[in-house]
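To start, the structure under review is shown below, and the notes come after it.
The values are calculated or read from the model by the stated rules, or taken from the named source; none is laboratory data. It should be emphasised that the depicted structure is a prediction, and the values quoted were computed from it without experimental measurement. So basically every Cβ, Gly included, is an ideal-geometry build from the backbone, and we count neighbours across all protein chains shown.
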């Protein structure tokens, strides 16, 4: 029992995985990565491919390792190891600054829209769940693709109508 609720996978997600107070480890890993990049740029930029491969390998192991509720692994390591693995990817991706490839352009475009996507995706999920769940369920993969197209369109509109004008105002200040 966690806070009076049966501790199944759903409640584990609600009370452990999605609780901000128990997830400061993710913030700490991000701050630590930023600190390393700022204070140790030469180390940050060394062996970027090896760090990327190590991070990907760690993520594969985490994804393939069974997570049983209320175990030390599930409550501590399964939540802390993925941010560390992703932090290992950052030196490689922080060096991608070129638009020379289609992948570089795609990453740049998605990074520009990322905050708007963060703000938009849950709203789209809630609207679909409340009004169009049956239709999206029947469409299967097509519904999933449509969902992402709606999120991307909504994010783009939010970026153009709100975020970009505010960034112009900020640069004038």
* To do: Restricting attention to the stretch 75-93, report how many residues are under 30 Å from residue 8 (Cα atoms) and either loosely packed, with under 14 Cβ neighbours inside 10 Å or touching a strand residue (DSSP E or B) at 6+ places or on another chain (Cβ under 6 Å) (or both).
  => 1
* When the stretch 69-94 is examined, which residues are found to be free of Cβ contacts under 8 Å to residues at least 40 places away in the same chain and more than 21 Å from residue 35 (Cβ to Cβ)? -> 71, 72, 73, 76, 77, 78
* Asked: Out of (1) closer than 29 Å to residue 166 by Cα; (2) within 20 Å of the chain's Cα centre (by Cα); (3) modelled with pLDDT under 90, what's the single condition that is false for residue 23?
  -> (1)
* To do: With the condition kept exactly as written, say whether any residue in the stretch 32-47 is at pLDDT 90 or above, outside any helix (DSSP H, G or I) and within 30 Å of residue 8 (Cβ to Cβ).
  => no
